[in-house]
Amino acid sequence: MAILVVGGAGYIGSHMVDYLISQQQEVIVVDNLSTGHQAAISKEARFYQGDLADQPFMRRVFKENPTITAVIHFAAYSLVGESMQNPLKYFDNNTSGLIKLLEVMHEFSIRKIIFSSTAAVYGIPKVLPITEKAATEPINPYGESKLMMEKIMFWAQKAYGIEYVAFRYFNVAGAKPDGSLGEDHHPETHLVPLVLQVALGQRKELALYGDDYQTADGTNVRDYVHPFDLAQAHLLAVEYLQAGNQSTVFNLGSATGFSNLEIIKTAQKVTGQEIPYVVAPRRPGDPDSLVANARKARDVLGWEPEFDNLETIIATAWNWHQKHPNGY
Ligand SMILES: NC(=O)c1ccc[n+]([C@@H]2O[C@H](COP(=O)([O-])OP(=O)(O)OC[C@H]3O[C@@H](n4cnc5c(N)ncnc54)[C@H](O)[C@@H]3O)[C@@H](O)[C@H]2O)c1
Ligand SMILES: O=c1ccn([C@@H]2O[C@H](COP(=O)(O)OP(=O)(O)O[C@H]3O[C@H](CO)[C@@H](O)[C@H](O)[C@H]3O)[C@@H](O)[C@H]2O)c(=O)[nH]1
């Protein structure tokens, strides 16, 4: 039995592939390398370069690998700010892309998919921490594209019996502790790698987007989770579906919120460097605070995150940035 990882050359996907290989799984990777890196893919995985919406290409992948029984799907555009400027790019690649993928999975009778959703489906939550029962009212097209994907899966499950687990991740940060895998986006827009690029001297300062939010220090609050812990949850979800359990949705986060200023302070402590910042206007599409209640993943899947300490998460990212100042 093999697992197909779509988007396995990306930041989170490459950690997934690495983890599956360490667990003696057979792994096939599909990625169009639009934001990923071939160098991030474990040499022990079989790599196909191509687009998940290219159905003849995907048919070839399934035909050549008849042992695939489950798909783990990371391939998407995922930047909140960009989605506000260019929403159709998000509905096309994320939402339409999933439809194309599910059609081919249905043709080949592949009936298990684990997929990356996001905390952005919740919009502005009324209660923190957020449980999976909270209302889903996205305030940016990225979150909307992912909520549509969840709904498509729901109906595809009913009609075709394709079982799914949707994971709503909160903010992902950190790198493989040995420094061989990490976050390398061009351009980089995520807070933790940007702060560390300032610490490395690659950027003069951080533009801190807004200090007048409804939070204790006025800056946005986010919940950080390590890609290794996500990878563990995904394999548990494959096993959960293999055991015949029902399709469902889980939050993945640490249940602790950190403000953007706290991230800067923690990064200063971890790196021993000053991290200058200037307050800039708010970035459209940003909710005040996102903090997960991830009890359900712990109770149902037996998920036990190892990296539940922000300093450790940032230290692993710092190790990666020091070893790979220019990425892969
Ligand atoms: N990084 C986060 O904080 C975060 C939080 C919540 C959810 N997510 C979700 O997790 C997933 C992975 O995020 P990431 O940070 O690793 O992003 P990433 O951009 O590093 O990885 C995405 C990968 O998918 C590939 N890809 C994109 N479109 C494709 C297509 N049409 N066909 C084939 N390959 C394609 C890219 O080349 C890349 O390798 C995304 O779905 C994202 O929405 C990320
Ligand atoms: O130069 C920067 C970059 C970011 N931020 C702020 O830092 C916080 C975190 O931003 P970022 O790292 O871009 O992550 P999010 O926009 O919170 O989104 C991430 O986390 C979401 C889940 O919460 C995922 O769905 C997205 O894919 C992922 O990019 C936000 O308040 C940003 O406004 C700054 O102040 N300055």
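Nearest 20 debye, what's the magnitude of the dipole of the chain about its Cα centre given +1 on Lys and Arg Cβ and -1 on Asp and Glu Cβ?
Working: 27 positive and 36 negative charges, 102 e Å.
The dipole of the chain has a size of about 480 debye.
At 222 nm, what helix-only mean residue ellipticity would the chain give, in deg cm²/dmol to the nearest 500, using -39500 (n - 2.57) for each DSSP H run of four or more?
Working: 10 runs with 114 residues, N = 328.
Theoretical 222 nm ellipticity from helices: -10500 deg cm²/dmol.
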Positive-end residue, the chain charge dipole about Cα centroid, Cβ charges, pick of V61, V165, T131: V61
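Assigning unit charges at the beta carbon (Lys, Arg +1; Asp, Glu -1) and nothing else, what dipole magnitude in debye, to the nearest 20, does region 260-328 show about its Cα centre?
Details: 8 positive and 9 negative charges, 32 e Å.
Roughly 160 debye for region 260-328.
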About the Cα centre, and with charges only on the beta carbon of Lys, Arg (+1) and Asp, Glu (-1), how big is the dipole of region 147-280? Nearest 20 debye, please. 180 debye
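Ordering T131, T35 from largest to smallest accessible area (1.4 angstrom probe), what's the sequence? Walk me through the numbers before you get to the answer.
Numbers: T131 55, T35 75 Å².
Largest accessible area first, the list is T35, T131.
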Cross-link pairs beyond the 19 Å C-alpha cut-off, checked among K133/K296; K126/K151; K204/K265; K89/K146; K63/K146; K112/K133: K126/K151; K63/K146; K112/K133
What is the distance in Å between the Cα centres of region 106-165 and region 226-270? 16 Å
In whole angstrom, and with the biggest value first, how far do the Cα coordinates of the chain range along each principal axis? 54, 41, 38
From the Cα centre of region 56-90 to that of region 168-188, the distance in Å is 19 Å
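The values are calculated or read from the model by the stated rules, or taken from the named source; none is laboratory data. Predicted model, so just to flag it, every value in this text is computed and none were measured. All Cβ positions, glycine included, derive from the backbone under ideal geometry; neighbour counts span all protein chains shown. Accessible surface areas use protein heavy atoms only, side chains included; no ligands, DNA or RNA. Shrake-Rupley method; radii C 1.70, N 1.55, O 1.52, S 1.80 Å.
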